[in-house]
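J.: Please read through the structure below; I'll follow up with questions.
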Amino acid sequence: MPDDLLPPTPESPEPELRGHERIAAYLRQLDSSPGVYRMLDEQNRVLYVGKAKNLKARVSNYARPSGHSHRIARMIRETASMMFLTTRTETEALLLEQNLIKQLKPRYNVLLRDDKSFPNIIVSAHKFPQIRKHRGARTDKGDYFGPFASAGAVNRTLNQLQKAFLLRSCTDAVFSSRTRPCLLHQIKRCSGPCVGLISEDDYADQVFDAARFLSGKTTKVQETLARQMNEAAEAMEFERAAALRDRIKALTQVQTAQGINPRTVNEADIVALHMEGGQACVQVFFIRAHQNWGNHDFYPRLAGDDDAGEVMQAFLGQFYSDRDPPPLVLVSNGVDEPEVLMAALSEKAKRRVDIAVPQRGEKAELVEGALRNARESLARRMSESAAQAKLLDGLAEKFELPSPPRRIEVYDNSHIMGTNAVGAFIVSGPNGFEKGQYRKFNIETAKPGDDFGMMKEVLTRRFTRLLKEDPDRESPAWPDLLLIDGGQGQVSAAYEIMAEHGVHDIPMLGVAKGIDRDMGKEEFWRPLSSRPFALPHNDPVLYFVQRLRDEAHRFAIGTHRAKRAKSLLANPLDEIPGVGATRKRALLQHFGSAKAVSRAALVDLKAVPGVSDQLAEAIYGYFHEKG
């Protein structure tokens, strides 16, 4: 957004006014400028964010006492104040509107609840480029290809591309330190540039072929490889011919795995919306280089009686607010004000972006396929939600909860003999597991092996932050039920810390293994109770709790393993200022290990090539001060 946007600060109307009367009081302070408006309730919570080509004209619509839909009428009644921000153009207003919606998450706006980034493939800028998966901002130098719908899609493609083009996947540090070929070369996944088994020119040719293939020039690449294979066979170079045959086969498998390969669409996103029963599903297919690079489904939160055009426009605006749009977006239904949206996306991408609703031909077939997936995905989700709702009802009944829980948090710890200890919780609700809400904690203050202390630390950190961010408990981030993996001791520790924070009124249950620690014999502990209770062996609610407990266990174990693996790879030389990759390699090659470096005399450290006297003294001091 430009720096010279001018936010007017109108005087606040009479405080006793509310609803359409209060909105009307702002009209005399507004002009016909484009901009963004916010509607707020009595607690200054944002109810709605909207943009307007003409602020005065748009706000005057809300000032009418009647003629609104039920949702808009309810929103107007709750409005206690408004805020305005003028822009130079309607396009700027649209971009600002979508940024504010994602930031503020107003109750009456359509919200895209999935902020995940999509992975790409990068061919790095290097003398011998590396091919690898990349997620996030494109800060690394190189050529990017994507996005792919999932990490699995990228991994499958990389697996076949390594077979086809034999490009290295190792990091630059590993590449520069190799003295002999790695296992990937042995299994014919890499051409071995690290040890000079391929010339720079030949490797560049393979990089060029890989880039052409990822850019959609698949036929030309395969024709070139086929010609080279025939030439090798005619020259009786049968081993080389067999290698080229395997590369052609790998390329064919990539194309087969990608399924739909449209002939008339080179680069586009296919976006289809299906709405039913107050819910919506949006399917996005990524078409790049005439190939289908996967799809992903989204379930935006509807505000009420939204129409399809409004939902589609809100989705596209928020979806592309932090992603680069392709040159073409094919949609299943029209959007409100398509020209403004196209102008906003074109401005963001620095090139023309078209939005179209195809009526016939291959493009229409692609949209219809995406729409069919959206319809089926929403049907499955609604069916699962119905089953989940039944289980939550049963959970409330069995455990005597005041109402079916909307947010269940399940806590667990993981460590080995107190080392690499982590705490974690998972979240479940009416839509099943909410993996975007999972959280992990590195244990910092609890003593090694103290499970009760770990649980106290995790809950202290969790609810201290929650109380700071939302002391009035108005956010959906507050749980309705806590499940603790453990028995009476863990529950007592959890209840004690919750009581200290004044949130002991949240229902809590401990889930213990029970007799013989067998699945199905779980015992449940309530705070301040001296005896556990159990559920019948075949009770669906018991199976549901087991799934919750197992998911928390899986997440905590995975977090612990990742931390342990990272600690095993840690090198104390990395912590010494001035010791970079080159000097670390020189030290390790000279002494053999970091442990030997730590024991080396100062005179020996000074003898290492590339290590100055000053750095040698810093290394010697680092280890001897610590020891």
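Derivation of every value follows stated rules applied to the coordinates shown; laboratory data play no part. Keep in mind the model is a prediction, meaning the values are calculated, not measured. Every residue, glycine as well, gets a Cβ built from its backbone with ideal geometry; the counts of neighbours run over all protein chains shown.
J.: Test of understanding: ordering SER191, SER60 by Cβ neighbours within 10 Å, fewest first, what list do you get?
T.: On the way: SER191 20, SER60 15.
With the fewest neighbours first, SER191, SER60 line up as SER60, SER191.
J.: Here's something else I'd like to know. May I ask for the distance between the Cα centers of the range 433-447 and the range 87-164, given as a whole number of Å?
T.: 26 Å
J.: I would also like to ask the following. Loop only by DSSP, 16 or fewer other Cβ within 10 Å of the Cβ. Give me the GluC sites (Glu not before Pro) in the range 169-250 that pass, ordered by residue number.
T.: GLU237
J.: Let me ask you something else. Taking 0.36 nm per residue of separation and subtracting the Cα-Cα distance, what length does fully extending GLN228 through GLU42 add?
T.: Numbers: separation 186, 0.36 × 186 = 66.96 nm, distance 7.43 nm.
Contour length minus Cα-Cα distance gives 59.5 nm.
J.: Taking square-rooted eigenvalues a ≥ b ≥ c of the alpha carbon gyration tensor, is the range 572-626 rounded, prolate or oblate, where a/c under 1.5 means rounded and, failing that, a/b exceeding b/c means prolate?
T.: rounded
J.: Still on this structure, I have one more. For GLY142, what residues show an amide H to amide H distance below 5 Å, using hydrogens built from the backbone and excluding near sequence neighbours?
T.: When sequence neighbours closer than 5 places are left aside, the close amide H contacts are ALA125.
J.: I would also like to ask the following. Tell me, what is the percent relative contact order of the range 120-257, built from C-alpha pairs under 8 Å that lie six or more residues apart?
T.: Values: 163 pairs, mean separation 30.9, N = 138.
It rounds to 22 percent for the range 120-257.
J.: Sticking with this one: What does the charge count around LYS468 come to, taking other residues whose C-beta lies under 13 Å from its C-beta (Lys +1, Arg +1, Asp -1, Glu -1)?
T.: Once positives and negatives cancel, what remains is +1.
J.: Under a Cβ-only charge scheme (Lys and Arg +1, Asp and Glu -1), can you give me the dipole magnitude of the chain about the Cα centre, in debye to the nearest 20?
T.: 1460 debye
J.: Further question on the same structure: For the range 294-301, what does the Karplus curve 6.51 cos²θ - 1.76 cosθ + 1.60, with θ = phi - 60°, yield as ³J(HN,Hα) per residue in whole Hz, taken in order and with x for Gly and Pro?
T.: x, 9, 8, 9, 10, 10, x, 7
J.: Now for a different question. With an 8 Å cut-off on Cα pairs and a minimum separation of 6 or more residues, tell me the relative contact order of the range 572-626 in percent.
T.: The normalised contact order for the range 572-626 reaches 33 percent.
J.: I would also like to ask the following. Expressed as cubic angstrom per residue, what is the convex hull volume of the alpha carbon set of the chain? Walk me through the numbers on the way to the answer.
T.: Numbers: hull volume 147.5 nm³, N = 627.
Roughly 235 Å³ of hull volume per residue.
J.: Same structure, new question: Over the range 267-379, with a single point scatterer placed on each C-alpha, what log10 of the ratio I(q)/I(0) does the Debye formula yield at q = 0.11, 0.15, 0.22 1/Å?
T.: Calculated log10 I(q)/I(0) at the listed q: -0.31, -0.60, -1.31.
J.: To continue, here is another question. Sort PHE213, PHE175 so the one with the fewest other Cβ atoms within 10 Å of its own Cβ comes first. Don't skip to the answer; put the middle values down first.
T.: Values: PHE213 23, PHE175 18.
Final ranking by Cβ density, sparse to dense: PHE175, PHE213.
J.: What list of ³J(HN,Hα) values in whole Hz, one per residue of the range 474-481 in order, does the Karplus curve 6.51 cos²θ - 1.76 cosθ + 1.60 (θ = phi - 60°) give from phi, with Gly and Pro shown as x?
T.: My calculation for the range 474-481 gives 9, 7, x, 6, 7, x, 9, 7 Hz in order.
J.: Size of the dipole of the range 19-104 about the Cα centre, Lys and Arg at +1 and Asp and Glu at -1 on the beta carbon, nothing else charged, in debye to 20?
T.: Using Cβ point charges on Lys, Arg, Asp and Glu, the range 19-104 gives about 140 debye.
J.: Can you show me the helix-derived [θ] at 222 nm for the chain, built from DSSP H runs with n ≥ 4 at -39,500 (n - 2.57) apiece and divided by the number of residues, rounded to the nearest 500.
T.: Helix contribution divided over all residues of the chain: -14000 deg cm²/dmol.
J.: Provide the FRET efficiency to the nearest 0.05 for the ILE557-LYS513 pair, computing r from the beta carbons and using R0 = 22 Å. Provide the component values of the computation, followed by the final result.
T.: Details: r = 16 Å, r/R0 = 0.72.
Efficiency at R0 = 22 Å is approximately 0.90.
J.: Of ARG439, ARG465, how do they rank once you tally other Cβ atoms within 10 Å and put the fewest first?
T.: ARG465, ARG439
J.: Taking 8 Å as the Cα distance limit and 6 or more residues as the minimum spacing, I'd like the relative contact order of the chain as a percentage.
T.: Numbers: 1037 pairs, mean separation 49.7, N = 627.
Relative contact order for the chain comes out at 8 percent.
J.: How far apart, in nm, are two points set 7 Å out from the Cα along the Cα-to-Cβ line at GLN359 and at HIS504?
T.: Going from the GLN359 label point to the HIS504 one covers 7.0 nm.
J.: Now a separate question. Projecting each Cα onto the charge dipole of the chain (Lys/Arg +1, Asp/Glu -1 at the beta carbon, about the Cα centre), which of ALA226, GLN388, PHE118 comes out farthest on the positive side?
T.: Final value for the positive-end residue is ALA226.
J.: Using the Karplus curve 6.51 cos²θ - 1.76 cosθ + 1.60 with θ = phi - 60°, what ³J(HN,Hα) values do you get for each residue of the range 236-241, in whole Hz, with x for Gly and Pro?
T.: Couplings: 6, 8, 5, 5, 5, 4 Hz.
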